[in-house]
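Structure first, commentary second.
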Amino acid sequence: MGEPEYQSSTTGHRYRDTIKEFTGPVKSDKIPLSMIDFVSLSEAETKKFGENFGARLRGGEILALTGNLGSGKTTFAKGLAKSFGVKSRVTSPTFVLLMSHKARGQSPAKLHHLDLYRLEKTGQLKELGLSEVLSDPRAVTVVEWPEKAKALLPARTIYINFQHGSSPSMRRITISQKYGKQSSG
């Protein structure tokens, strides 16, 4: 199958492994996050995109994953986990809300994975220790269904929107630094 190939949904240009073209950690100002817009053609490509994106993270980042059920959020999180050397099985923590996975490298040391789909009250987030999780400088924190905790997420949160494409396996992935700035369509 080879390296995954991505297609810009705005220009139609196809390219391979574009995340590697950027230098430095994702939180660097050198990366124009609002300009990252990809079309993944398969589940494997979505996972690989997460893996390549994760290779740029150093710890302390918060990723808010938005999109409908089955749009690729957990698949992307699995790719992140692979890039961190996580050996435990990564699944969506829908019923437990939070799962933490130990990474096998120095940085980041952990992957915190929250799924707020079934969250009934924001008070539950305090019980989970959300403020401690979000302030962990040695972990990357992934939040699925972040709209349920929007007021609690810091301004530095990176939003990644997943949308179903024109075929069952196609996904449009848009990265932004502002809530609500994701492309719609």
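What follows is calculated from the coordinates using simple rules that are stated; it is not laboratory data. If you're wondering where the values come from, they're calculated on a predicted model, not measured in any experiment. Note that each Cβ is placed from the backbone with ideal geometry, even for glycine, and that neighbours are counted across all protein chains shown.
Computed over neighbours whose Cβ is under 12 Å from that of residue 71, the net charge equals +1, Lys and Arg +1, Asp and Glu -1. Among the GluC sites (Glu not before Pro) found in region 80-145, those both in a DSSP coil and sparsely packed, with 11 or fewer other Cβ atoms within 10 Å of their Cβ, are 120. For residue 103, the amide hydrogen comes within under 5 Å of the amide hydrogens of 110, 111, counting only partners 5 or more places away or on other chains and with H modelled in the peptide plane. Available extension along the chain between residue 131 and residue 166 is 8.8 nm, counting 0.36 nm per residue and deducting the alpha carbon span.
Taking 0.36 nm per intervening residue step and subtracting the Cα-Cα distance, what contour gain separates residue 42 from residue 104 on full extension? Don't jump to the answer; show the numbers that get you there.
Values: separation 62, 0.36 × 62 = 22.32 nm, distance 2.70 nm.
Stretched fully, the residue 42-residue 104 segment lengthens by 19.6 nm.
Among the trypsin sites (Lys or Arg not before Pro) found in region 96-185, those both in a DSSP coil and sparsely packed, with 15 or fewer other Cβ atoms within 10 Å of their Cβ, are 104, 118, 121, 138, 156, 178, 181. In this structure the amide hydrogen of residue 143, modeled in the peptide plane, comes within under 5 Å of the amide hydrogens of 63, 64, 65, 114, none closer than 5 places in sequence on its chain.
Each residue in 65, 134, 114, 152 was given a count of other beta-carbon atoms within 10 angstrom of its own, and listing them fewest first yields 152, 134, 65, 114. Computed from phi, the 3J(HN,Hα) profile of region 147-159 under the Karplus parametrisation 6.51, -1.76, 1.60 (θ = phi - 60°) reads 4, 7, 10, 3, 5, 9, 7, x, 4, 7, 4, 9, 9 Hz, with x in place of Gly and Pro. The chymotrypsin sites (Phe, Trp or Tyr not before Pro) of region 70-124 that DSSP puts in a loop, and whose beta carbon has at most 11 other beta carbons within 10 Å, are 95.
What does the charge add up to near residue 122, with Lys and Arg as +1, Asp and Glu as -1, over the other residues with Cβ less than 14 Å from its Cβ?
Details: positive: 118, 121, 126, 148, 150; negative: 120, 127, 147.
In short, +2.
Scalar couplings 3J(HN,Hα) for region 67-84, obtained by applying the Karplus form with A = 6.51, B = -1.76, C = 1.60 to θ = phi - 60°, are x, 5, 4, x, 8, x, 4, 5, 4, 4, 4, 5, x, 4, 4, 4, 5, 8 Hz; x denotes Gly and Pro.
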